[in-house]
1. Note down the nm distance, to one decimal, between modelled labels 7 Å out along Cα→Cβ at S22 and at M1.
2. Between K39 and E77, what FRET efficiency follows from the Cβ-Cβ distance if R0 is 25 Å, with the result rounded to 0.05?
3. Counting only the backbone N, which residues of the stretch 22-44 are under 11 Å from the spot 7 Å out from the Cα of S104 toward its beta-carbon?
4. Over 22 Å between Cα atoms: which of K3/K39; K41/K61; K44/K73; K19/K39 fall into that group?
5. Counting Lys and Arg as +1 and Asp and Glu as -1, each charge on the Cβ, what is the dipole of the chain about the Cα centre in debye, to the nearest 20?
6. I'm spelling it out carefully: the read-out is percent of Cα pairs over 23 Å apart, the candidates are [x] 27; [y] 43; [z] 49, and one was derived from this structure. Which label?
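Values quoted throughout were computed directly from the atomic coordinates according to the rules given, and no laboratory measurement underlies them. As the structure is a computational prediction, the values presented were derived from the model and not from experiment. Here the Cβ positions follow ideal geometry from the backbone for every residue, glycine too, while neighbour counts run over all protein chains shown.
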Amino acid sequence: MVKKNVVVGLGEIGRPILKLISSRSLAIGYDIKEKLMDKRKFGKYEKLKTSFLHICIPFSKNFIKNVISLVSKFDPEVIVIHSTVSPGTTNHLQAKLTIPVIYSATRGFTRECCMT
């Protein structure tokens, strides 16, 4: 059975992660700014089961609520958090969910910071 990965948040962290994952498996991007999404691809694979839900959204006071809402929307088997979050966030989410929650430390960078 073919499954998809969903990358949520197509900004500085999410867009490169989507590109990387897409090179090896089926992945679609989702963002509240619909203009950042490939709507045709999203619609084509929307009904497939979600394997990994990659969270790349900014941390806020509503972060946990937002992630739980995304879990309801995509029904993933696993959540991977790539966002910078406060200590304990992963454990707090794990206590509320029955699926594995993984934290993957990711650092964004700009082109300027890497130029010599």
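1. Spacing of the two 7 Å Cα→Cβ label points: 2.6 nm.
2. It comes out at approximately 0.55.
3. Zone members listed by number: 22.
4. On the way: K3/K39 18 Å; K41/K61 31 Å; K44/K73 16 Å; K19/K39 16 Å.
Exceeds cut-off: K41/K61.
5. 340 debye
6. Checked against the structure: label [x].
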